[in-house]
Amino acid sequence: MVTQDELNEKGKAAVMDFDGDVVAEIAEECISAGLDPIDLIQNGFTAGINEVGTQFEQGSLFLPHIIAASEAMSAGVEVLTPVLENLSAQAEDKGTVAIGTIEGDIHTIGKDIVATMLKVAGFNVIDLGRDVPIADFVEVVKEKKPAIVGSSALMTTTMVLQLQVEEQLKEAGVRDTVKTMVGGAPVTQDWANRIGADIYAENASDAVVKCKAAFE
Ligand code: B12
């Protein structure tokens with residue numbers, strides 16, 4: 001019987017091989033072996049895509065490789081999503097979180113994982129999608145009154161727009177009605193402090209812990 005660590009290693013390798021069919025098979029294996037899908041996503045698939053990202057930075061891989069790796073990862077996440085949704089149906093209702101990838105930024109994988117994990121934990125998640133105009137973050141706060149509004153930024157060039165979310169929420173007079181949350185690879189606790197965001201989370205599990213704490 002395969003262990004979680006072995007499966008995670010296989011998942012990481014398959015994403016690094018850009019092999020969506022194998023990634024999907026590993027996801028199936030996770031379900032049939034009764035192993036943890038969240039562990040596989042975080043410590044298997046994500047570890048693989050991060051390694052591809054590092055090799056891209058070093059110049060040994062190129063953009064088509066990143067696209068292929070992210071498609072391979074998505075094939076696995078797709079298989080696991082119904083299982084995760086089942087878990088979320090069993091969780092008690094915890095409140096509403098709106099989340100989106102910020103204007104100018106089309107990176108969705110991390111934001112999607114955070115959204116899924118929040119759903120699994122029982123939050124009602126409004127997913128605004130990617131390349132979300134700042135005005136839409138403000139609009140959703142006014143219209144849907146979530147307790148938390150989160151933005152994801154994967155680039156240093158788009159991260160700066162998280163400050164505009166803070167400012168435009170203030171201008172619209174609704175900053176005090178909501179907690180703001182920021183995340184994404186270049187985002188840090190220091191950045192959150194500098195722009196006045198209420199919550200910074202490093203990864204999806206951390207986001208769940210901090211959102212739960214914010215509701216207590
Ligand atoms: C996959 C990827 C892509 C894919 C995205 C596919 C998709 N559907 O998302 C594609 C190929 C489309 C892509 C495109 C581009 N990319 Co790209 N991409 C990456 C890569 C390799 C991995 C990102 C990823 O998915 N990681 C895996 C996930 C699980 O991790 P994560 O996103 O960090 O999310 C976790 C945490 O950060 C956190 N989190 C994330 N969001 C949020 C939100 C909240 C609220 C919270 C609390 C937490 C949280 O939780 C998540 C789960 O644990 C990174 C490299 C890297 N090291 O980040 C480059 C990277 C981000 N890309 C980069 C670039 C430059 C680009 C392009 C401009 C390339 C180009 N020349 O066209 C375009 C961007 C176009 C645009 N306008 O956005 C650069 C950014 C550099 C910078 N300026 O900062 C990076 C860093 C690569 C590099 N070193 O050059 N990319």
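Readers should treat all values here as calculations from the given coordinates under stated rules, not as data from a laboratory. From a predicted model like this one, the values you see are computed outputs, not experimental measurements. Glycine gets a Cβ as well: all are built from the backbone with ideal geometry, and neighbour counts include every protein chain shown.
Of LYS119/LYS170; LYS12/LYS179; LYS10/LYS210; LYS111/LYS145, which pairs sit farther than 32 Å apart, going by alpha carbon to alpha carbon? From LYS119/LYS170; LYS12/LYS179; LYS10/LYS210; LYS111/LYS145, over 32 Å: LYS12/LYS179. Relative to the longest principal Cα axis of the chain, at what angle does helix 161-171 sit, 0 to 90 degrees, rounded to 10? Once rounded, the angle reads 30 degrees. Among LEU128, LEU63, LEU161, a tally of other beta-carbon atoms within 10 Å of each Cβ gives an order, fewest to most, of LEU63, LEU161, LEU128. About its Cα centre, the dipole of the stretch 120-203 is roughly 140 debye, where the only charges are +1 on Lys and Arg Cβ and -1 on Asp and Glu Cβ.
For the chain, the longest principal axis of the alpha carbon atoms and the long axis of helix 4-16 meet at an angle near 80°. Computed over the Cα atoms of the chain, the ratio of the radius of gyration to the Kirkwood radius (Rg/Rh) comes to 0.99.
Both radii come from the Cα set of the stretch 4-90: Rg as radius of gyration, Rh as Kirkwood radius; their ratio Rg/Rh reads 1.01.
Across the options THR46, THR3, ALA33, the greatest Cα extent toward the positive end of the charge dipole of the stretch 1-68 (unit charges at beta carbon of Lys, Arg, Asp, Glu) belongs to THR46. Residues SER152, SER60, SER70 in ascending order of nearby Cβ atoms (within 10 Å, fewest first): SER60, SER70, SER152.
Overall, the stretch 61-216 carries a charge dipole of about 240 debye about its Cα centre when +1 sits on the Cβ of Lys and Arg and -1 on the Cβ of Asp and Glu, all other atoms neutral. Rounded to the nearest 5, the antiparallel percentage of DSSP beta bridges internal to the chain is 0%. Given in Å, the Rg to one decimal and the Dmax to the nearest whole number for the Cα atoms of the stretch 98-205 are 12.2, 33. Any idea what angle helix 46-57 forms with the longest principal axis of the chain, computed on alpha-carbon atoms, 0 to 90 degrees, nearest 10? Computed tilt is about 80 degrees. Spatially, the stretch 147-216 and the stretch 36-66 are offset by 24 Å when compared through their Cα centroids.
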